[in-house]
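Undergrad: Starting off with a structure, shown below.
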Amino acid sequence: MYSKQSPHIITLQKGEETYICQCGKTARAPLCDGSHKQVASVRPLIYKADKDLSLAICGCGKSDHMPFCDGSHNK
């Protein structure tokens, strides 16, 4: 999940809900595929859009604002 040097972009419509991986083991990055069940204390971030938007999810693993991209891949 953290092998990219750019963010994963998720586009959501108002009211849409998505599950963002926080364990780093998903095969469907950046979305949760249930792999966190192997990591007892980690759960996905449930994000519900309050408006139409695009989210930039960290793809490098260096962000200080996980799971969101903060541009650290450019440093």
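Every number in this text was worked out from the coordinates using simple rules, so none of it is lab data. Remember, it's a predicted structure, so these values are computed and weren't measured experimentally. Note: ideal-geometry Cβ built from the backbone for every residue, glycine included; neighbour counts use all protein chains shown.
Undergrad: Ordered by packing density, taken as the mean number of other Cβ atoms within 10 Å over each peptide's residues, highest first, how do 55-62, 41-48 rank?
TA: 55-62, 41-48
Undergrad: Under a Cβ-only charge scheme (Lys and Arg +1, Asp and Glu -1), can you give me the dipole magnitude of the range 8-74 about the Cα centre, in debye to the nearest 20?
TA: 220
Undergrad: Evaluated at 4 °C with a viscosity of 1.567 mPa s, what Stokes-Einstein diffusion coefficient in µm²/s does the chain have when Rh comes from the Kirkwood expression over alpha-carbon pairs?
TA: Result for D is 103 µm²/s.
Undergrad: Place the peptides 21-28, 4-11 in order of packing, highest mean first, counting for every residue the other Cβ atoms within 10 Å and averaging per peptide. Don't jump to the answer; show the numbers that get you there.
TA: On the way: 21-28: 17.0, 4-11: 14.5.
Ranked from most to least packed, the peptides come out as 21-28, 4-11.
Undergrad: Find out how many positive minus negative residues lie around Lys51, taking Lys and Arg as positive, Asp and Glu as negative, among other residues whose Cβ is under 14 Å from that of Lys51.
TA: So the surrounding residues net to -2.
Undergrad: Would you mind counting up the charge near Cys60? Only other residues with Cβ under 14 Å from its Cβ, with Lys and Arg at +1 and Asp and Glu at -1.
TA: Neighbourhood net charge equals +1.
Undergrad: A follow-up question, please. With Cβ to Cβ distances under 14 Å as the rule, what net charge do the other residues near Ser35 carry (K, R +1; D, E -1)?
TA: +3
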